[in-house]
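Asks: Take this structure, written in structure tokens, and hold onto it; I'll ask about it next.
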Amino acid sequence: MIVVLVEHSQGVFKKKSLEAVLYAAHIAKEMGTDITAVAMGNVPDSEMQTLGAYGAQKVLHTTDARLDNFNSKAYAKVVVAAAQKENAKVIIGLHDTTGKAVMPRVAARLQAGLVAGAVGYPDLSKGFTVKKNVFSGKAFAFVNVTSDTKVISLMPNTFPVVKGEGSATVEQMEAGLSDADFSVKVLEVSKASGSVPLSEAELVVSGGRGLKGPENWYVLEALAQELGAATACSRPVADAHWRPHGEHVGQTGGTIRPNLYIAVGISGAIQHLAGVNGSKTIVVINKDPEAPFFKAADYGVLGDAMEIVPKLTEAVKKFKAGQN
Ligand SMILES: Cc1cc2nc3c(=O)[nH]c(=O)nc-3n(C[C@H](O)[C@H](O)[C@H](O)COP(=O)(O)OP(=O)(O)OC[C@H]3O[C@@H](n4cnc5c(N)ncnc54)[C@H](O)[C@@H]3O)c2cc1C
């Protein structure tokens, strides 16, 4: 059996969790087994049943209201309880803020080998060998997990999310949670302002110090809105409070793997690239032909951001109008 941790936002499963279920379903098929998803907090049964369309046969649901706010200790306890109940040999989560905190705890509790940041399916012809990111995404490692139980955290946006058919059964699960499991309490949650969550975005428009100041961000926001993209930024931009820190990507910020990353006025320092070099297509707009980012770009536009970006936005508008 494979157990997969799924996350939701206000009762709706996140796209990256559907990706984790599909990933688990692929492995389950190869191993000739089934998958059980683990959901926590306030999620309607109808939403949980939809996980069947992504390959889950069953959902174990722990409703404790204290789980509505993230708590790594309590979440890990629920995942471990589910893994033990299902006698799971593989446990899957995401390599996101939740998974980075929860999956190592789960692996330690189950004495399981952990692959953190997987970007490929396990190769069962070579034991249980999984491709993962190393050195901030600058290289790959192939790791063979030899423990009886295996834990994988999957890099979000690695595989496409395609809905199939089917409905999962839902079962309530008591995980034996006590007050001691909630010794760290979340007092307040500030939601990111953008309409598309950065970690799940397939398209990202990002700005650097070349934008000169927060008053110029409207050009990036207009392009992002037209594309249905999330916005991101380099670290100095967040440090200067031009943009919220939740948008900062790189070695010390978020790691993203969108289908398209448009970098505007960003030099392409190695610490920035560490967070974005898993992007499938990179477009760089910069006025300096020597900017290092051009070396990592699939497409480069040499010129002033304040001239190029509005033209690009207009072109996207026209393209969309032509499609209607
Ligand atoms: C330990 C450590 C960790 C770090 N972590 C991160 C991190 O996580 N993320 C991160 O981003 N950085 C990080 N940094 C900082 C990193 O080294 C760079 O300093 C930073 O990425 C540079 O940001 P920038 O490209 O926005 O600014 P700059 O380096 O100042 O580049 C601005 C770019 O804009 C271009 N430009 C200027 N005007 C225009 C215009 N009108 N039109 C078009 N282009 C224009 C310039 O040619 C230039 O290439 C870290 C540094 C250290 C030491």
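Asks: Only residues that are surrounded by 18 or more Cβ atoms within 10 Å (Cβ to Cβ) and either among the hydroxyl-bearing types (Ser, Thr, Tyr) or more than 20 Å from residue 136 (Cα to Cα) (or both): list them for the stretch 285-294, please.
Replies: 285, 286, 291
Asks: Further question: Taking the stretch 165-214 only, how many residues are open to solvent by less than 60 Å² (accessible area, probe 1.4 Å) and within 16 Å of the ligand (Cβ to nearest atom)?
Replies: Count: 10.
Asks: Could you count how many residues in the stretch 220-250 are open to solvent by 10 Å² or more (accessible area, probe 1.4 Å), touching a Leu at 6+ places or on another chain (Cβ under 8 Å) and within 11 Å of the ligand (Cβ to nearest atom)?
Replies: Residues meeting the conditions: 2.
Asks: Go through (1) within 15 Å of the ligand (Cβ to nearest atom); (2) open to solvent by 70 Å² or more (accessible area, probe 1.4 Å) one by one and return the number of the condition residue 312 breaks.
Replies: (2)
Asks: Oh, and also: Pull out all pairs, ordered by first then second residue, where Cβ-Cβ is under 7 Å, the residues are six or more apart or on different chains, the first lies in the stretch 34-47 and is in the same structural domain as residue 17 (by TED's automatic domain parsing), and the second is surrounded by fewer than 16 Cβ atoms within 10 Å (Cβ to Cβ) and assigned to a strand (DSSP E or B).
Replies: Between residues of the stretch 34-47 that are in the same structural domain as residue 17 (by TED's automatic domain parsing) and residues that are surrounded by fewer than 16 Cβ atoms within 10 Å (Cβ to Cβ) and assigned to a strand (DSSP E or B), the close pairs are 47/12.
Asks: So, restricting to strands (runs of 3 or more DSSP E) that lie completely within the stretch 131-237, which ones have at least 3 residues that are without any contact (Cβ under 8 Å) to a residue 40 or more places away in the chain and assigned by TED's automatic domain parsing to the domain that holds residue 48?
Replies: Hits in the stretch 131-237: 139-144.
Asks: Please go through the stretch 251-269 and pick out each residue that is at pLDDT 95 or above and within 11 Å of the ligand (Cβ to nearest atom).
Replies: 263, 264, 265, 266, 267, 268, 269
The rows are residues; the columns are (1) at negative phi; (2) polar (S, T, N, Q).
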| residue | (1), (2) |
| --- | --- |
| 209 | yes, no |
| 241 | no, no |
| 252 | yes, yes |
| 260 | yes, no |
| 293 | yes, no |
| 297 | yes, no |
| 316 | yes, no |
| 319 | yes, no |
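Asks: Another question, if that's okay. Can you spot a residue in the stretch 136-157 that is more than 23 Å from residue 106 (Cβ to Cβ) and either open to solvent by less than 50 Å² (accessible area, probe 1.4 Å) or at pLDDT 95 or above (or both)?
Replies: Of the residues in the stretch 136-157, the ones more than 23 Å from residue 106 (Cβ to Cβ) are 136-140.
In the following step, the residues that additionally are either open to solvent by less than 50 Å² (accessible area, probe 1.4 Å) or at pLDDT 95 or above (or both) were identified as 137, 139.
Checked the stretch 136-157: at least one residue is more than 23 Å from residue 106 (Cβ to Cβ) and either open to solvent by less than 50 Å² (accessible area, probe 1.4 Å) or at pLDDT 95 or above (or both).
Asks: What are the residues in the stretch 206-241 that are of a type in the set (Phe, Trp, Tyr) and in contact with a helix residue (DSSP H, G or I) (Cβ under 7 Å, 6 or more places away or on another chain), if any? Walk me through it before giving the result.
Replies: So in the stretch 206-241, the residues of a type in the set (Phe, Trp, Tyr) come out as 217-218.
Residue satisfying the conditions is 217 alone.
Asks: Take the conditions touching a Lys or Arg at 6+ places or on another chain (Cβ under 9 Å) and surrounded by fewer than 24 Cβ atoms within 10 Å (Cβ to Cβ) and apply them to residue 80. Does it pass?
Replies: Considered against the rule, which asks whether it is touching a Lys or Arg at 6+ places or on another chain (Cβ under 9 Å) and surrounded by fewer than 24 Cβ atoms within 10 Å (Cβ to Cβ), residue 80 comes out as yes.
The values are calculated or read from the model by the stated rules, or taken from the named source; none is laboratory data. This one's a predicted model, so the numbers in the text were calculated from it and none came from an experiment. All Cβ positions, even for glycine, are placed from backbone atoms using ideal geometry, and neighbour counts span all protein chains on display. In case anyone asks, the SASA skips ligands and DNA or RNA and just uses the protein heavy atoms, side chains included. Shrake-Rupley method; radii C 1.70, N 1.55, O 1.52, S 1.80 Å.
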